1. Would a scan of segment 457-472 turn up a residue that is aliphatic (A, V, I, L, M), within 23 Å of Glu512 (Cβ to Cβ) and out of contact with any Asp or Glu (no Cβ under 9 Å at 6 or more places or on another chain)?
2. Within segment 570-582, can you find the residues that are touching a Phe, Trp or Tyr at 6+ places or on another chain (Cβ under 8 Å), surrounded by fewer than 24 Cβ atoms within 10 Å (Cβ to Cβ) and touching a residue at least 24 places away in the same chain (Cβ under 8 Å)?
3. Of the conditions (1) open to solvent by 50 Å² or more (accessible area, probe 1.4 Å); (2) touching a residue at least 24 places away in the same chain (Cβ under 8 Å); (3) closer than 21 Å to His258 by Cβ, Ala296 clears all except one; give me its number.
4. Tell me which helices (runs of 4 or more DSSP H) are completely within segment 377-463 and hold 1 or more residues being more than 23 Å from Tyr363 (Cβ to Cβ) and polar (S, T, N, Q), or say none if there are none.
5. Please state which of the following conditions Asn453 fails to meet, knowing it meets all the rest: (1) polar (S, T, N, Q); (2) without any contact (Cβ under 8 Å) to a residue 24 or more places away in the chain; (3) in contact with a His (Cβ under 6 Å, 6 or more places away or on another chain).
6. Would you check if Asp483 is acidic (Asp, Glu), within 27 Å of Asp304 (Cα to Cα) and assigned to a helix (DSSP H, G or I)?
7. If you go through segment 213-231, how many residues are at pLDDT below 90 and open to solvent by less than 10 Å² (accessible area, probe 1.4 Å)?
8. With Tyr417, Tyr468, Tyr405, Tyr410 as the choices, which residue is over 30 Å from Phe380 (Cβ atoms) and in contact (Cβ under 8 Å) with a residue 12 or more places away in the chain?
Amino acid sequence: MSNNNTSQAPASGAQDKINKFFEDRDWKFYAAVAAGVTLAGAGAYYLTQPPAVPKKKAAKKTKGKKAAPQDASSSSTATPAPATASDKETKPATAAPSTEAAATEPADHTSLSDEAIEQLTTEERAKVAQGLKEKGNKMFGAKKYEEAIDAYTQAIRFKKDPIFFSNRAACHSFLGNNKQVIADSNEALALDPTYIKAINRRAQAFEKENQLEDALYDFSCVCILEGFKNDNAGKSMERLLQQIASTRAKEIIETKPHRLPSTAYVNAYLDSFRPATIDVPTITDESSGDFFFAKAFRATLDKDYETAAEAIDKAVELGCSAAYQALALNMKGTYVFLMGDSQGALEYLNKAIEADPKYVQSYIKRSSIYIEQQDVASAFKDFETAIQVNPSDPDVYYHRGQIRYISNDYESAANDYSESIALDDTFVFAHVQLGVVQYKMGSVSKSMTTFKNTLQKFAQSADVHNYYGELLADQQKFAEAVDMFSKAIELDPKNPIPYINKAMLKHQAFKEADEAISLCKKAFDADPACDAAVASLGQLYLERGEPEEALKYYNLAIDLARTQPELEHAISYVEATKTQIK
């Protein structure tokens with residue numbers, strides 16, 4: 001089944017799908033706690049989208065005229081309305097005017113000393129305070145905010161009610177006195193810690209004062225207290241999380257050195273290419289670029305990636321002979337790409353193609369960078385060129401299938417995987433990904449047959465068992481899925497991903513939180529740089545009600561992050577977790 005001439009770009013809308021894929025693809029991928037284990041594109045750095053979290057419906061809003069801040073009647077808190085004076089007239093203290101005057105002429109009481117106010121009964125003070133509050137509401141409705149502030153201030157002298165402080169804060173808000181809004185909201189919350197209007201108003205003032213973390217905390221409290229039904233507070237919380245994360249990520253990334261990701265990630269990327277057959281130079285001259293290229297090549301085979309990255313740097317710096325120059329530039333571009341510097345990698349791969357326009361792998365790797373940069377047209381143009389150079393290279397079809405897969409063009413992806421297998425059926429990931437895409441297309445029976453055949457053909461492959469386990473979990477065949485993950489761990493104990501998949505299944509399907517944490521810790525021990533293990537532990541501890549422990553892992557995720565988007569995700573989770581600790 002040949003499709004050598006089908007190198008066209010994906011159908012209209014694929015660019016949007018790919019953009020959405022990269023927006024959704026985050027470092028917390030494997031920690032997603034949704035029903036079933038999420039499927040992953042086999043053997044590559046292209047991860048499938050995490051399951052969408054259903055949004056809760058926002059509470060319906062009613063439109064109406066702006067009213068005075070009658071917090072007692074309009075707030076969703078349980079704050080009771082201020083007490084009113086008894087219907088029975090009570091004789092006031094000698095120095096105070098009658099309660100009848102208090103009800104009709106509250107301003108007459110403003111000259112009373114604090115000592116005189118203390119002489120009034122509780123009922124009398126409440127009645128005077130209510131009258132002053134009503135005066136303040138009237139002034140507020142007339143937009144006479146200074147006069148309203150005076151009235152609420154006088155009301156507070158007679159009765160310290162959270163509503164009076166909150167109403168005065170509302171006046172200050174309209175006058176732009178943000179610090180006073182915060183101060184009055186603090187007073188209101190000291191009297192009623194769950195007073196939602198005061199929390200919300202303080203959050204807005206904090207944001208205006210650029211106290212973003214404080215604002216985030218308050219908006220988060222509003223969301224929690226109202227059962228996430230306050231759409232405006234929810235949007236404000238998300239906006240602030242993004243703003244805080246973006247600002248901090250930009251600051252960190254400026255001084256953060258490029259570094260390699262986890263061993264699992266590097267393995268997945270490099271294993272997505274068939275092994276290269278190269279006559280490695282045997283030169284022993286350590287001043288030669290060829291010597292360091294050979295060292296980098298051998299270190300890569302040994303999975304000693306740090307040594308390989310250092311050696312290839314030296315090889316390119318010294319310069320290699322014509323026979324190895326394109327290979328060295330290709331390898332340099334690969335490691336630069338893995339370190340998160342897409343633009344730098346693109347420059348090296350461009351040089352590799354200039355050095356040897358017939359080396360197909362450079363086009364494939366460059367297409368990966370174009371996809372990272374969301375330049376789909378250029379990526380497909382590189383595939384077309386690669387096929388023209390060598391129409392029998394199976395890697396071209398496998399990697400083009402990966403891009404079609406994340407574009408949701410499953411039929412074309414299946415054709416590409418099949419073509420890759422037809423050209424070379426010894427590459428395990430082409431078989432695995434074919435089974436995954438068949439499953440995505442709804443051909444469950446065909447997918448299961450593909451996986452069973454692949455298990456027979458590659459019985460010692462941990463990856464086959466791992467990905468088959470994911471499909472079984474998605475079908476709620478949990479016991480069989482656990483067996484597959486366990487077998488994958490047995491076959492490759494240094495691969496953290498099967499531990500994480502098994503942990504998530506234990507947590508979701510069997511409610512075994514302790515076992516899930518234990519498995520994730522084993523994943524972390526297997527690869528301490530595995531961001532998926534770190535994120536999973538953070539999520540599990542958070543769900544277990546241990547935010548302090550979760551925060552340790554989320555902070556570690558910031559250290560592990562290599563790119564600005566990864567940093568933004570990590571920082572977002574740190575800030576969100578902090579709100580549960582305050």
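The values are calculated or read from the model by the stated rules, or taken from the named source; none is laboratory data. Note that the structure is a prediction, hence the values are computed from the model and not measured. Don't worry about glycine lacking a Cβ; one is built from the backbone with ideal geometry, like all the others, and counts go over all protein chains shown. Side chains included, ligands, DNA and RNA excluded: accessible areas come from the protein's heavy atoms. Shrake-Rupley method; radii C 1.70, N 1.55, O 1.52, S 1.80 Å.
1. yes
2. Thr577, Lys578, Thr579, Lys582
3. In the conditions (1) open to solvent by 50 Å² or more (accessible area, probe 1.4 Å); (2) touching a residue at least 24 places away in the same chain (Cβ under 8 Å); (3) closer than 21 Å to His258 by Cβ, Ala296 misses (1) alone.
4. Values: elements: 394-406, 410-423, 428-440, 444-457.
Where helices (runs of 4 or more DSSP H) fall fully within segment 377-463 and carry at least 1 residues being more than 23 Å from Tyr363 (Cβ to Cβ) and polar (S, T, N, Q), they are 428-440, 444-457.
5. Evaluating Asn453 over (1) polar (S, T, N, Q); (2) without any contact (Cβ under 8 Å) to a residue 24 or more places away in the chain; (3) in contact with a His (Cβ under 6 Å, 6 or more places away or on another chain) leaves (3) as the failure.
6. no
7. Going through segment 213-231 one residue at a time, the tally reaches 0.
8. Checking each option against the conditions leaves just Tyr468.
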